[in-house]
Amino acid sequence: MLPIDCRRIRHPAGTEARRLLCRVIAVVSLLSTAASVGAQPAPDSILSTTFARADWSLGDISTIRQAQLNISYQAAGDELFVYFLTSVAAKKPSAMFHGRVVHPRDGMFLVSDFSAGNRNTFGGYFNSFASRDSRADVSIAEAPDGVRGLQVECSRSDDGYCGVWIHTFDFGEQPENRVFLDLGRFRFLSFWIRGSQSVGVQLNVADAAWERREDSLPVGDVGEFLPAGHVSDDWQLAMVPLDRLPDRIDRTRLASLVFQQTSLNFGSFHIARLALLENVESAPPRPVPVGNTTPDRPIHKSTWIWHTAELIAEPNRRDSLIVALQSEGFDQVYLQLPDDKTQVGIQGEIIPDVAGLRPLVGALNAAGMSVFALDGYARYALPEYHRGVLSTVDRVIGYNRLVPEDERFMGIRYDIEPYLLAGFHGPARDSILVHFLELTKAIATRTREAGLVFGVDIPFWYDANGRYSGEPVWATFHGERKPVSHHVIDLVDEVAIMAYRTTAYGADGVIRHSAGELQYASEQGKAVLVAIETHPLPDEELIEIEGTPAHGLPKAGDASNVVVMVPAGDSVHVAVVGSSKDVGPLNRRISTLPGASVADAHWWPVKRRIPVPGSKLSFATLGANRMRAVMDQALPEMMTHPAFYGIAIHHAGSFLTLLDEKEGDRPVEPSAEHTGD
């Protein structure tokens, strides 16, 4: 999706690369879920940043009609970034909603049995939702009797809410192309449900109009539709007469079913065999356990090692790392190339420390781990760096020719991430991507001739419809236009998809975010590793503005939660103003900026603030048990794709730190809010 993906510490870019990547990652939340979670309070002090006009081909700032900013909440101080802006006005949502009639078989239409997969018969996804003070997690898992179903686990606070929504349309489509459900001649909604005795569950529904408002209307307590009058620890069939739907719901444009926990504290329930019925006699039978259908084949486990120089300097650390990786089943490592400090290469070139590398690569090989020479930097995508990068590749090939077989690299790995470059999300994107692909092709040619495996890392959102563009990240390369992820998969031997999420299932989970690449790579006969993050990441917040700006600085009555921009020479100064008390300090600040004047300032009210907790992207605060549980859930789904090669964990250092920490109950943050009350 045009947004997002991963924040990670990268050599040699350091802090700046991490900051830029954090900005990019946050955006995925927007693309993956249509949710508006309660925002963090506006900062007490004015947060500001600057951007170059040239990066956006920007003239008069008064022409800006949409923008997205990102606040990264850091212990050392909060930071503001500009992620996106455009002079193109936001599309007005279509007033027309399309519906479709579905036809039952033997009086029933099965929406989903929830035994596998993320999507139902209508192409709709499911996802958890929760208020900030509550928690929710949703997956497909076995109930205590072995029946697989949609498992919902919630921890609801006194004033909070949590649960799961289920769409009857594909929200990956642009709004004007979405098709909703016409209930037609159906008379009942049915589903099987079981759960903890004390759990209370309310059923809500939304039609297309209510879903657009991100809201829904109550139908009733699920217990009203159960034989026992309440959810129990045995499966019961719920029969919901469709004439119980609220009058304000358009039955020809049904969009969502919402199951919301009403009981306090922790609760859990399973749902199976969700169906529409013409009559009560056509209800689906009680669900039964099914056998394991997961393909039985080996998978690989990889990780990135960025602190190579330290391992060379301290053999004891090297040996303990290898033992730890072996015990965790790793059989492939991406080893950052260490510089030979006695030599200086050209721009983009690493002259490897051959003497230091040989014993380290040899020890990893002896431990049964295939070793890839690793490097990465966003600027490598630029043509002025290509000569140096290709020289590095040639040096790795030369190294392999000089050393014994047991000290050689199996392949070469690049983590370039061109989306971190200034201008990527503006008019320079096309040229940046072409340069990136030219370099990728040149590396692939060299590695193939040398008999080395070539792999790259890419974000999951390259092939997803962007929030603002409404389409994937396209690239025209050698006369062929398609998503840039497809071009990369065509060129290389294997890719790692940075599917940085801490849930497996749902509209915003690992399975969904890796599905497109797995499908395409399977068609092309290529290998895919699905990557997760364990490095600690900060909480963030996305800020959206839209429409025609007001001129000057906001008056006291208008100055709550606004974004102000003012030209300053070749740059633009951007500030988030939380309240009227910030206007005076901002005025004084502008007076100190060279080339800036309050008379040229413009401001927009904030339309939306969306928090993106670090625990949505990284397991660092959730613990190793949570990470293992999510991987156990995701593996069966991903193994249905022939291209699936294994799991990659970023990175070795943070992963082993995670293992060393004491495990406890660390609930995952909800990945999206719902359409609830």
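The values are calculated or read from the model by the stated rules, or taken from the named source; none is laboratory data. Since this is a predicted model, take the numbers as computed values, not measurements. Note that each Cβ is placed from the backbone with ideal geometry, even for glycine, and that neighbours are counted across all protein chains shown. All accessible areas refer to the heavy atoms of the entire protein, side chains included, with ligands and DNA or RNA removed. Shrake-Rupley method; radii C 1.70, N 1.55, O 1.52, S 1.80 Å.
For the reader, a short list of remarks on this structure follows.
- Ile305 vs. criteria in contact with a helix residue (DSSP H, G or I) (Cβ under 8 Å, 6 or more places away or on another chain), of a type in the set (Val, Ile, Thr) and open to solvent by 10 Å² or more (accessible area, probe 1.4 Å): no
- The residues listed here are Val164, Val199; of these, the one that is of a type in the set (Val, Ile, Thr) and assigned to a strand (DSSP E or B) is Val164.
- Residues of the stretch 48-65 satisfying the condition of being modelled with pLDDT of 95 or more, in contact with a Leu (Cβ under 7 Å, 6 or more places away or on another chain) and either over 28 Å from His551 (Cα atoms) or open to solvent by 20 Å² or more (accessible area, probe 1.4 Å) (or both): Ser48, Thr49
- Selection count, the stretch 540-558, where residues are farther than 17 Å from Ile590 by Cβ, modelled with pLDDT of 95 or more and not in a strand (DSSP E or B): 2
- The set of residues from the stretch 245-269 being open to solvent by less than 50 Å² (accessible area, probe 1.4 Å) and either part of a strand (DSSP E or B) or among the charged types (D, E, K, R) (or both) comprises Leu254, Ala255, Ser256, Leu257, Val258, Phe259, Gln260, Gln261, Gly267, Ser268, Phe269.
- Contact annotation: residue pairs with Cβ atoms under 8 Å, 6 or more positions apart or on different chains, pairing a residue in the stretch 558-569 that is within 13 Å of Trp604 (Cβ to Cβ) with a partner that is among the charged types (D, E, K, R) and crowded, with 23+ Cβ neighbours inside 10 Å, are Ala559/Asp582.
- So Tyr380, is it assigned to a helix (DSSP H, G or I) and touching a His at 6+ places or on another chain (Cβ under 9 Å): yes
- Residues located in the stretch 88-134, provided they are among the basic types (Lys, Arg), surrounded by 15 or more Cβ atoms within 10 Å (Cβ to Cβ) and in contact (Cβ under 8 Å) with a residue 60 or more places away in the chain: Arg132
- Cβ-Cβ under 7 Å pairs, at least 6 apart or on other chains, the stretch 173-200 side within 30 Å of Val288 (Cα to Cα) and among the β-branched types (Val, Ile, Thr), far side open to solvent by less than 40 Å² (accessible area, probe 1.4 Å) and part of a loop (DSSP other than H, G, I, E, B): Ile193/Val231; Val199/Val231; Val199/Ser263
- Only one entry of Leu529, Leu537 meets the criterion of being closer than 30 Å to Glu438 by Cα, modelled with pLDDT of 95 or more and buried (at least 22 other Cβ atoms within 10 Å of the Cβ), and that entry is Leu529.
- Selected residue [of a type in the set (D, E, K, R), open to solvent by 60 Å² or more (accessible area, probe 1.4 Å) and touching a residue at least 12 places away in the same chain (Cβ under 8 Å)] from Asp353, Asp394: Asp394
- Every residue from the stretch 275-302 that is open to solvent by 30 Å² or more (accessible area, probe 1.4 Å) and assigned to a helix (DSSP H, G or I): Val280, Glu281
- For the residues Arg387, Arg408, Arg401, the requirement of being within 21 Å of Ser302 (Cα to Cα) and of a type in the set (D, E, K, R) singles out Arg408.
- Taken over the stretch 324-358, residues that are farther than 21 Å from Met410 by Cβ and in a helix (DSSP H, G or I) amount to 1.
- Residue check for Ala272: more than 30 Å from Leu659 (Cβ to Cβ), part of a helix (DSSP H, G or I) and of a type in the set (A, V, I, L, M): no
- Exactly one residue out of Gly368, Gly466, Gly470, Gly455 is part of a strand (DSSP E or B) and of a type outside the set (Phe, Trp, Tyr), and it is Gly455.
- Close pairs from the stretch 601-615: first farther than 13 Å from Ala67 by Cβ, partner part of a strand (DSSP E or B) and among the β-branched types (Val, Ile, Thr), Cβ under 7 Å, at least 6 apart: Ala601/Val564; Ala601/Val566; Arg609/Ile543
- Pairs with Cβ under 7 Å, 6+ apart, first in the stretch 527-547 and under 17 Å from Arg628 (Cβ atoms) and polar (S, T, N, Q), second in a loop (DSSP other than H, G, I, E, B) and open to solvent by 10 Å² or more (accessible area, probe 1.4 Å): Thr534/Ala620
- Among the candidates Arg501, Arg448, the residue that is of a type in the set (Lys, Arg) and either crowded, with 22+ Cβ neighbours inside 10 Å or in contact with a strand residue (DSSP E or B) (Cβ under 6 Å, 6 or more places away or on another chain) (or both) is uniquely Arg501.
- Count - residues of the stretch 466-506 that are closer than 15 Å to Arg429 by Cα, aromatic (Phe, Trp, Tyr) and in contact (Cβ under 8 Å) with a residue 40 or more places away in the chain: 2
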